[in-house]
Structure formats: structure tokens, C-alpha cells
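None of the figures in this text is laboratory data; all of them are computed from the coordinates on show. In this text, all values refer to a predicted model and were calculated from it rather than measured experimentally. All Cβ positions, glycine included, derive from the backbone under ideal geometry; neighbour counts span all protein chains shown.
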Amino acid sequence: MSLAAMLHKGIKEWEHTHKASERLESKFKQLKEEWASASSVSQRRRVADELNRVFEEASDSLVKEEQQLVECIRKLDEHRARGSINLAACPTSSSAPKESLCAGVKNGMYQYPDERNEPIIPVGCQVAAKVSTGFWILCRVMRHVTAHGTAGPRYIVEDSDTDDVSPLGSAKKQYTLPPKNVVRLPVDENDPTLLEHTVGATVHAVYPETTTFYPATVKSSFRKRKSREYQLAFDGDEPEDLKLVHLSSVVYIPDP
């Protein structure tokens, strides 16, 4: 099969999946209206179950769209490496945005259009997530999605606060955030992503017995203490009221 035929087939598959995503989006909006007008608890539970199901299907559909576009880009990469095509003239569909196929190719490799140009945080990792202006909370990455147009990639993260549940039932609250609002947390002292914070450094850390990050100053490092905990002075606390916080809950946020 020629490259043009393969790309045509791939784009057609993407268009089919994209239409399914649009149908699910319409269904989700319809269910939200039903939820608002529901007059009984049983009706709301039924709508809540359907909302959760449609949300899961829509998330899966968006991931599938991403995979289909990445596969098209991979094929372009293979042919470009052989010198058989010019990426400036790569084929597009009238309904598929041109930048989705070409803008992510750099030095022969596909990259997310992440403004920080950092590796994607894997699903399951704990992160600090900015859910409103200056407000960072402890979350876990649940999914990656690629928004259409200029929105770029997004993370779907889940609030780690077990007391903060959504109005749809017992499910934890989830947020869809851009990469700049999500910072990966280290697991332990051997984590390659670990950034050690020196004494006097300003950091953000989870305040004990909460899932919220607050600014603090490092008073003693975990290595000096020969443990996995930093000794921190949180802003607003008394100077002598120092807290011990596990290194996995301490992070540097350059633009909080």
C-alpha cells in the first residue's frame, strides 16, 4: 500500500472516531440537562451512572483519536527518514487540522506540543495539580487526552482527597488540566525525577493531614536527617512550629 493510501485510510479512521467523540459530547450535554431537571434521587442516580459511562467512553475515544494521529505521524517519519517525502507537503483531510499531523514532528520524532517541552507524566503518577489560581492539590494522573485546535494536550487528574467527592456519587473529583498546571512528584530518594531542595529553598509541600500544597521554607534536608522527610517551616506558622513532610510531597513550583 502506498503512503498516500495508508494516510488516507488512517485519516478516515480518525474522522470516524472523531464523529463518535462528538456524538458522545452531545450525549454528555444532554445528560447534564437531565441531571439538572431530575426530581428524585433515583432519577439522579440513573443519570449519574449514565454520565459516568459516557464520560469513560468519551475519554477512551479521545485517546483512540490521539493514537490514530500518532500512527499517521509515525508512517510519515518512516518515509521522511528514507528521504521519500517532504513533510511540508504531507497530506491532510478537509476535516482534520493540518497542525495535528505535522506540527508535532521535530527532528524525526513525534512530540506533544507541550509548552514546557517535558516528557509526558505516566498514568498513575502522583502530581501537584493547579486547579484554580494559586491553589495546588495532590492528585493522580488518570488519563492523557489531546484536545483539538490550539488547546494542546491535557491531563485528566483525580483529586486524592477521599473526603472531597463529586455530586454524582462516591467518585472522586476529576480535573482536565494543561501540562503547565501539573507537576510530577518523586516517589522516593532513588527516583530519577527527584529534585533535592537545599536548606533555605522555597518549596510547595502538602501540609500534614491535608492534600493541599502550601509554600514553605526548607530547614533541613532529608539526606542530612538520614530519613525521607524534609523539615519545613510553612508560611503563616509560628517560626518554631516546624513540620516533617515526606520528600514525595515536596516540590518546587516555579510559577505558582
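The local environment of GLU229, defined by Cβ-Cβ distances under 14 Å, has a net charge of +4 under the rule Lys, Arg +1 and Asp, Glu -1. With each label modelled as a point 7 angstrom along the Cα→C-beta vector, the ARG46-THR212 pair spans 3.9 nm.
Gain on full extension, evaluated as 0.36 nm per residue between THR198 and SER37 minus their Cα-Cα distance, stands at 52.5 nm. The ARG74 and VAL187 beta-carbon pair, evaluated with R₀ = 35 Å, returns a calculated FRET efficiency of approximately 0.70. Packing-based ranking of 32-39, 63-70, 128-135 yields 63-70, 128-135, 32-39, ordered from highest to lowest mean Cβ neighbour count within 10 Å.
Take the Cα of PHE135, step 7 Å toward its Cβ, do the same at ALA233, and the gap between the two points is 2.9 nm. Of the residues CYS139, CYS125, the one with the fewest other Cβ atoms within 10 Å heads the list, and the complete ranking is CYS125, CYS139. The Stokes-Einstein estimate for the stretch 202-251, based on a Kirkwood radius over Cα pairs and taken at 4 °C with 1.567 mPa s viscosity, is a diffusion coefficient of 122 µm²/s.
Put in line by how crowded their Cβ is, counting other Cβ atoms within 10 Å and starting with the fewest, ILE73, ILE120 read ILE120, ILE73.
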